[in-house]
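Would you mind keeping the following structure in view while I ask a few things?
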């Protein structure tokens with residue numbers, strides 16, 4: 001593996017702020033991943049609470065969690081994610097034979113039907129940004145609302161970190177010997193796209209139904225601001241929604257990208273993943289930031305022609321994140337000519353964070369409000 005494109009901050013060089021952050025999130029990614037993110041302490045504050053929740057505190061069992069994460073690591077070809085989670089899987093009671101069988105997929109003999117459905121859900125989110133109805137129904141036979149949400153978010157969050165690790169070139173730590181299994185055919189992408197649900201799988205809570213905990217998460221100042229259907233859906237699982245909202249808050253309020261660049265990223269990744277809801281929410285912001293109808297059309301069409309050198313590199317990076325779960329070396333060089341390392345990290349988090357939003361809003365069937373702008377090529381009626 002080539003040297004990392006953003007070097008992790010060595011522990012010997014940590015500032016008091018960085019040491020405090022590392023101590024605050026002992027359940028989150030550690031080692032070289034933590035050292036990489038500590039280049040931007042503000043980013044750690046934004047993304048580590050949710051990462052810690054997914055890795056250690058969700059409603060899933062450790063075995064279920066690690067099955068989903070390792071299958072996603074395989075689908076994304078993430079050596080680092082696999083190296084870090086194979087020992088966690090073993091500690092959760094997953095045998096060495098089963099760990100290899102995770103790479104072989106849900107259709108090989110040996111899996112119980114429910115665990116095969118978990119692995120299949122990871123494959124479907126990877127390939128189509130959507131969990132199909134048969135797979136969803138198989139999961140729903142044993143999972144309640146919170147577990148279904150956590151399973152979907154676990155796959156999406158693992159996809160986010162796998163993409164960041166691959167793009168930056170985060171290296172497995174010394175002592176972690178597990179690697180992606182050899183001799184297993186590589187994962188395939190298969191057909192992309194899905195038929196959008198016309199009925200929500202989780203009905204958003206009505207404003208009057210929101211609990212005090214949900215109101216504290218989504219309207220922390222008590223201003224009485226409208227809470228969008230996506231958040232009123234997440235309000236059915238406030239223990240998950242709280243840390244997830246911190247990541248959204250970083251992307252939308254504390255990113256080092258310009259507002260235009262941030263919303264370009266969200267609109268593009270939403271279109272690539274066929275996700276009407278985040279596209280419709282952020283195209284409004286992008287228009288307010290001066291984007292023309294032609295620019296909106298180009299963000300919702302194949303290719304990166306017509307952009308400046310700087311914004312063309314941004315669009316290509318988003319396309320590569322979607323297509324290959326990594327930014328290529330060539331595109332990274334183009335980004336480096338125009339963006340700081342922290343801005344590139346924020347680009348990665350915005351694109352992968354809203355790929356997560358696309359995956360869950362597609363799979364939860366979040367519906368557009370009346371009057372929201374339809375995404376070009378939308379499959380919704």
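Give the residue, chosen from 112, 96, that is without any contact (Cβ under 8 Å) to a residue 60 or more places away in the chain and either touching a helix residue (DSSP H, G or I) at 6+ places or on another chain (Cβ under 8 Å) or buried (at least 23 other Cβ atoms within 10 Å of the Cβ) (or both).
Being without any contact (Cβ under 8 Å) to a residue 60 or more places away in the chain and either touching a helix residue (DSSP H, G or I) at 6+ places or on another chain (Cβ under 8 Å) or buried (at least 23 other Cβ atoms within 10 Å of the Cβ) (or both) holds for just one of 112, 96, which is 96.
Can you give me the ranges of the helices (runs of 4 or more DSSP H) entirely in the range 283-357 with at least 3 residues that are touching a residue at least 40 places away in the same chain (Cβ under 8 Å) and buried (at least 23 other Cβ atoms within 10 Å of the Cβ)?
It comes to 309-324.
So is residue 360 surrounded by fewer than 15 Cβ atoms within 10 Å (Cβ to Cβ) and either under 20 Å from residue 259 (Cβ atoms) or in contact (Cβ under 8 Å) with a residue 40 or more places away in the chain (or both) or not?
Considered against the rule, which asks whether it is surrounded by fewer than 15 Cβ atoms within 10 Å (Cβ to Cβ) and either under 20 Å from residue 259 (Cβ atoms) or in contact (Cβ under 8 Å) with a residue 40 or more places away in the chain (or both), residue 360 comes out as no.
Can you pull out every residue in the range 252-271 that is surrounded by fewer than 23 Cβ atoms within 10 Å (Cβ to Cβ), assigned to a helix (DSSP H, G or I) and touching a residue at least 12 places away in the same chain (Cβ under 8 Å)?
If the condition is that a residue be surrounded by fewer than 23 Cβ atoms within 10 Å (Cβ to Cβ), assigned to a helix (DSSP H, G or I) and touching a residue at least 12 places away in the same chain (Cβ under 8 Å), then 254, 259, 260, 261 are the ones that fit.
All but one of (1) under 25 Å from residue 197 (Cβ atoms); (2) assigned to a helix (DSSP H, G or I) hold for residue 274; state the number of the condition that does not hold.
(2)
Also: Out of all the residues in the range 273-282, which are surrounded by fewer than 23 Cβ atoms within 10 Å (Cβ to Cβ) and under 16 Å from the mean Cα position of the chain (by Cα)?
Of everything in the range 273-282, just one residue is surrounded by fewer than 23 Cβ atoms within 10 Å (Cβ to Cβ) and under 16 Å from the mean Cα position of the chain (by Cα), namely 274.
Quick one: which helices (runs of 4 or more DSSP H) sit completely within the range 1-93 and have at least 3 residues that are in contact with a strand residue (DSSP E or B) (Cβ under 9 Å, 6 or more places away or on another chain) and closer than 23 Å to residue 153 by Cα?
Output list is empty.
Let me ask something else. Please state which of the following conditions residue 101 fails to meet, knowing it meets all the rest: (1) without any contact (Cβ under 8 Å) to a residue 40 or more places away in the chain; (2) in contact with a helix residue (DSSP H, G or I) (Cβ under 8 Å, 6 or more places away or on another chain).
Unmet condition: (2).
All of the numbers you see were taken from the coordinates with simple rules; none came from a lab. Bear in mind the structure is a predicted one, so any value in this text is a computation, not a measurement. For neighbour counting, all protein chains shown are included, and Cβ atoms are generated from backbone atoms with ideal geometry for every residue, glycine included.
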